[in-house]
Amino acid sequence: MKKSKLFGGLVLTASLFLAACGNGGTTADSSAAESSSTVSAEPTTVKIGLVSESAVEIWEAVAERLEDENIDLEIVKFTDYNQPNIALDNGELDLNAFQHVAFLENYNANNDADLTPIGFTFVSPLGIYSDKYADYSEIQDGDTIAIPNDVTNGGRALLLLQAIDLITLDNAAGTAPTVNDIIENPKNLNIEELDAAQLPRSLEDAGAAVINTNFAVDAGLVPTEDALYLDTDNIQEVLDIYKNVVAARAEDVDNEVYKKVVAAYQTEETKALIAETTANTDIPAWD
């Protein structure tokens, strides 16, 4: 149906052009009219959903670059990971840029949705932080360790805890383990699942917390300095499913305007801003 409408639009455009020529319009007149139309054309508005302050700063710079493309990028900021996909799915947004592939696939599976990546942004490390300890080896028997309560980030947090020998997971759990897949817990740690945005606050009471970089940075933490361990310290072990993406609805994956938005993001200017806003923590993922 979309192809038919497009074809019809092309035929209509061609007909109007021939009619104009038949009415005595010159090539110069047509060129002037087209130029005038281009100048006066209203910008195309694209709404993109973001979560963190650092992301907003980066995308504001992208929005400035898109003005030359006659695209008005409208940034909509959310305070948690739950709403941007819902807003994109129901048409309140055109794009969002806050999640990795694993999170997106989990949302689609649980909501019968078809949101689709249209470009990579960065790999953001997951880190373990503590206000009580200077090294993760100091974590005590019976301590509480707070982790994200969503399936994908929670599973990644458990894999991090396993990487530093605090727990052992059942191999059958694969890349999406849950607390039920912990088969060894020698320090009798209490794994507490919290909303990702609340994790920095949990440091006041917990022995340690596994925190996403965007929320860590927003809370004033410097991941490369303050984290006891980052899973990107062993970057070769970080799976592609943890690459962050710009997402759109499936029917819009070939939208030329959205492709321009992605291209305006994937630049050297953005690389510099990623380094600046995340203290050299996030790693560009589109190269």
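The values are calculated or read from the model by the stated rules, or taken from the named source; none is laboratory data. Source: prediction; values computed, not measured. Cβ coordinates were reconstructed from backbone atoms using ideal geometry, including for glycine residues, and neighbour counts include every protein chain displayed. Quick note on the areas: whole protein, heavy atoms, side chains included, nothing else; ligands and nucleic acids left out. Shrake-Rupley method; radii C 1.70, N 1.55, O 1.52, S 1.80 Å.
Quick check on this structure: which one of V238, V210, V262, V246 is modelled with pLDDT under 95, open to solvent by less than 40 Å² (accessible area, probe 1.4 Å) and in contact with a strand residue (DSSP E or B) (Cβ under 7 Å, 6 or more places away or on another chain)? Working first, answer last.
Values: V210 fails: modelled with pLDDT under 95; V262 fails: modelled with pLDDT under 95; V246 fails: modelled with pLDDT under 95.
Unique residue meeting the criteria: V238.
Residue-level check: of (1) among the hydroxyl-bearing types (S, T, Y); (2) in contact with a Phe, Trp or Tyr (Cβ under 9 Å, 6 or more places away or on another chain); (3) at pLDDT 95 or above, S52 misses just (3). Taken over segment 120-153, the residue count meeting the criterion of being outside any strand (DSSP E or B) and either modelled with pLDDT under 95 or in the same structural domain as T270 (by the TED database) (or both) is 6.
Taking the conditions (1) over 16 Å from T152 (Cα atoms); (2) in a strand (DSSP E or B) in turn, L93 satisfies each one other than (2). Exactly one residue among L159, L169 is modelled with pLDDT of 95 or more and surrounded by 15 or more Cβ atoms within 10 Å (Cβ to Cβ), and that residue is L169.
Is there a residue being open to solvent by 20 Å² or more (accessible area, probe 1.4 Å), part of a helix (DSSP H, G or I) and basic (K, R) anywhere in segment 70-80? Looking through segment 70-80, none of the residues is open to solvent by 20 Å² or more (accessible area, probe 1.4 Å), part of a helix (DSSP H, G or I) and basic (K, R).
Taking residues in segment 268-287 that are more than 12 Å from P125 (Cβ to Cβ), and partners anywhere that are assigned to a helix (DSSP H, G or I) and open to solvent by 70 Å² or more (accessible area, probe 1.4 Å), the pairs with Cβ atoms closer than 6 Å and at least 6 places apart or on different chains are T277/E57.
Could you tell me which numbered condition N188 fails, if it satisfies all but one of (1) within 18 Å of P148 (Cα to Cα); (2) open to solvent by 50 Å² or more (accessible area, probe 1.4 Å); (3) in contact (Cβ under 8 Å) with a residue 40 or more places away in the chain; (4) polar (S, T, N, Q)? Every condition holds for N188 apart from (1). Only residues that are closer than 21 Å to T116 by Cα and either among the aliphatic types (A, V, I, L, M) or under 13 Å from the mean Cα position of the chain (by Cα) (or both) were counted in segment 63-82, giving 8.
Screening segment 252-287 for residues that are part of a loop (DSSP other than H, G, I, E, B) and not polar (S, T, N, Q) and picking the one that is nearest to A219 (Cα to Cα) gives A279. Out of N108, N180, one residue alone is open to solvent by less than 40 Å² (accessible area, probe 1.4 Å), among the polar types (S, T, N, Q) and not in a loop (DSSP other than H, G, I, E, B). It is N108.
Scanning segment 278-287 for residues that are of a type in the set (S, T, N, Q) and open to solvent by 20 Å² or more (accessible area, probe 1.4 Å) returns a single hit, N280.
For every residue, the table says whether it meets (1) touching a residue at least 60 places away in the same chain (Cβ under 8 Å); (2) surrounded by fewer than 17 Cβ atoms within 10 Å (Cβ to Cβ).
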| residue | (1), (2) |
| --- | --- |
| L115 | yes, no |
| G119 | yes, no |
| K132 | yes, yes |
| S137 | no, yes |
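Out of segment 196-207, which residues are open to solvent by 20 Å² or more (accessible area, probe 1.4 Å) and more than 18 Å from the chain's Cα centre (by Cα)?
Restricting attention to segment 196-207, the residues satisfying the condition of being open to solvent by 20 Å² or more (accessible area, probe 1.4 Å) are 197-198, 200-201, 204-205.
If the condition is that a residue be open to solvent by 20 Å² or more (accessible area, probe 1.4 Å) and more than 18 Å from the chain's Cα centre (by Cα), then Q198, P200, R201, E204, D205 are the ones that fit.
Does segment 218-228 contain any residue that is surrounded by 23 or more Cβ atoms within 10 Å (Cβ to Cβ) and in the same structural domain as T152 (by the TED database)?
We begin by selecting, within segment 218-228, every residue surrounded by 23 or more Cβ atoms within 10 Å (Cβ to Cβ); these are 223, 227.
In the following step, the residues that additionally are in the same structural domain as T152 (by the TED database) were identified as 223, 227.
Yes: one or more hits.
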